Amino acid sequence: MARLIDLRSDTTTRPTQGMRDAMARAEVGDDMMGDDPTTRALEEAAAARVGKEAGLFVPSGTMGNLVALLTHCVARGDEAIAGSESHICNHEGMGSSALGGIPVRVAQNDIRGYIQPADIKALARPWPRTVLACIENTHNRCAGAALTATEMREMTRAAHEAGLQVHVDGARIFNAAAALETTPEALVADADTVQFCFSKGLGAPVGSILTGPREFIDRARLVRRTLGGSMRQSGVIAAAALYALDHHVERLVEDHVNARRLASALVEMPHVRMDPAGTDTNIVYFDLEGVDGPLFRERLAAEGVLCSGVSPTRIRFVTHLDVSARDVEDAIPLIAGVLKGLPAA
Ligand SMILES: Cc1ncc(COP(=O)(O)O)c(C=O)c1O
């Protein structure tokens, strides 16, 4: 079979041999009883990478955000704020509202996912009590934009001044740090809690971490248990995440170079209207004009290149560990060829 170039998501990576070896060697125990040394090591190492006191290993980013909201919003009616294009508002089944009765109020974000500090302050209210502001970085639906440390500080300060806690959905915070030539810790220095994923740009098969003050994480551990998210010999997957932290962070810049190369080629192609937010990291969005999106994806797949469609006209490409510079060079003429051959919609 011809080689497949899978640009649907950075979640499609497969563990490398080195990662599989680390998984096979992992020392394990029953984590729910506190006996899994590899999971404990991961929780400590991951929390340290974002400058937080403690960490909680969770099966997914969605559960990391959900546990965070359920742990922050403790009283009935406590509400949270999140950006209009945030993953929390658009792709997580509104779990915090559905399962926790937490109202999530929507703050309009700009094309990079930034929320005006004044808007955060305006949304905060004493009753119903607003207790939390959620910030996303990099911003998935806003073309993978990397919000700077200054922007993060501005939003966080506004929230704190309004008496709110701040949770960062940093599913791809390492991508943001790589793009901005800084550390994840610097980007979330003022935030109270941070979730990030091992299963995206970092290339692990599964898992995310929720980090924050030890007292918060102790409570979050019980919330995770309530949700059925406690695990047993999770050291097998924690080992993959530890391996990713040690081996797959430095290389993220390669994904960003590949994404920019793809974007610079796409902008020259017929029917393509590029996202004005630009390409900061590993996510490239564009809109198709005058042709059918599903047909484009189908024909491109027949050529061995996969992408995602977020609407009938909006397309997403994501670069990652399993996509080389060579793959991108090979994909470009295939994409151009498919676009040229499409009938007018
Ligand atoms: C910004 C952001 N947050 C959270 C998630 C959820 O992660 P998971 O798919 O592991 O539940 C994603 C997934 O793509 C994401 O892009």
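The values are calculated or read from the model by the stated rules, or taken from the named source; none is laboratory data. Please read all numbers here as calculations on a predicted model, not as lab measurements. We place every Cβ from the backbone using ideal geometry, glycine too, and count neighbours over all the protein chains shown. When the accessible area is computed, the model is the full protein with side chains, heavy atoms only, and any ligands, DNA or RNA have been set aside. Shrake-Rupley method; radii C 1.70, N 1.55, O 1.52, S 1.80 Å.
Looking at segment 322-344, is at least one residue buried (at least 21 other Cβ atoms within 10 Å of the Cβ), charged (D, E, K, R) and within 18 Å of the chain's Cα centre (by Cα)?
No, segment 322-344 contains no residue that is buried (at least 21 other Cβ atoms within 10 Å of the Cβ), charged (D, E, K, R) and within 18 Å of the chain's Cα centre (by Cα).
So which of A179, A133, A191, A122 is outside any strand (DSSP E or B) and closer than 18 Å to V67 by Cα?
Only one candidate qualifies: A191.
Would you mind telling me which numbered condition in (1) outside any helix (DSSP H, G or I); (2) touching a residue at least 60 places away in the same chain (Cβ under 8 Å) L42 fails?
Here L42 meets the rest and fails (1).
How many of the residues making up segment 12-47 are within 16 Å of the ligand (Cβ to nearest atom) and farther than 17 Å from G203 by Cβ?
0
So the check is Cβ under 8 Å with 6+ separation or different chains; which pairs have a first residue in segment 200-214 that's among the charged types (D, E, K, R) and a second one that's surrounded by fewer than 24 Cβ atoms within 10 Å (Cβ to Cβ) and outside any loop (DSSP other than H, G, I, E, B)?
These pairs meet every condition: R214/A54.
Could you list, in sequence order, the residues of segment 201-229 that are open to solvent by 10 Å² or more (accessible area, probe 1.4 Å), in contact with a Ser or Thr (Cβ under 6 Å, 6 or more places away or on another chain) and in a loop (DSSP other than H, G, I, E, B)?
Hit for segment 201-229 is V206, nothing else.
Scan (1) of a type in the set (S, T, Y); (2) within 16 Å of the ligand (Cβ to nearest atom); (3) open to solvent by 40 Å² or more (accessible area, probe 1.4 Å) for the single condition S9 breaks and write down its number.
With (1) of a type in the set (S, T, Y); (2) within 16 Å of the ligand (Cβ to nearest atom); (3) open to solvent by 40 Å² or more (accessible area, probe 1.4 Å) applied to S9, the lone miss is (3).
So, T38, is that one over 26 Å from T138 (Cα atoms), among the hydroxyl-bearing types (S, T, Y), in the same structural domain as T226 (by TED's automatic domain parsing) and open to solvent by less than 30 Å² (accessible area, probe 1.4 Å) or not?
Spelling it out, T38 is indeed over 26 Å from T138 (Cα atoms), among the hydroxyl-bearing types (S, T, Y), in the same structural domain as T226 (by TED's automatic domain parsing) and open to solvent by less than 30 Å² (accessible area, probe 1.4 Å).
What are the residue pairs meeting all of these: first residue in segment 244-273, first residue part of a loop (DSSP other than H, G, I, E, B), second residue charged (D, E, K, R), Cβ atoms under 8 Å, and 6 or more apart or on different chains?
Every condition considered, the pairs that remain are P270/K340; H271/E289.
All but one of (1) more than 24 Å from the chain's Cα centre (by Cα); (2) not in a helix (DSSP H, G or I) hold for S9; state the number of the condition that does not hold.
In the conditions (1) more than 24 Å from the chain's Cα centre (by Cα); (2) not in a helix (DSSP H, G or I), S9 misses (1) alone.
Just for segment 12-35: of the residues that are under 30 Å from A259 (Cβ atoms) and charged (D, E, K, R), which one is surrounded by the most Cβ atoms within 10 Å (Cβ to Cβ)?
Across segment 12-35, the extreme among qualifying residues is R20.
Please go through segment 62-95 and give me each residue that is open to solvent by less than 20 Å² (accessible area, probe 1.4 Å) and within 13 Å of the ligand (Cβ to nearest atom), ordered by number.
Passing the criteria: G64, N65, V67, A68, L69, A82, G83, S86, I88, G95.
Take segment 276-286 and flag every residue that is assigned to a loop (DSSP other than H, G, I, E, B) and buried (at least 21 other Cβ atoms within 10 Å of the Cβ).
T279, D280, T281, N282
Taking the criterion of being of a type in the set (A, V, I, L, M, F, W, C), within 16 Å of the ligand (Cβ to nearest atom) and farther than 19 Å from C89 by Cβ, would at least one residue in segment 153-170 satisfy it?
Residues of segment 153-170 of a type in the set (A, V, I, L, M, F, W, C): 155, 158-159, 162, 164, 166, 168.
Subsequent filtering for residues that are within 16 Å of the ligand (Cβ to nearest atom) retains 155, 166, 168.
Restricting the remaining residues to those that are farther than 19 Å from C89 by Cβ gives none.
For segment 153-170, residues of a type in the set (A, V, I, L, M, F, W, C), within 16 Å of the ligand (Cβ to nearest atom) and farther than 19 Å from C89 by Cβ: absent.
Does E136 count as touching a helix residue (DSSP H, G or I) at 6+ places or on another chain (Cβ under 7 Å), more than 16 Å from the ligand (Cβ to nearest atom) and of a type in the set (D, E)?
no
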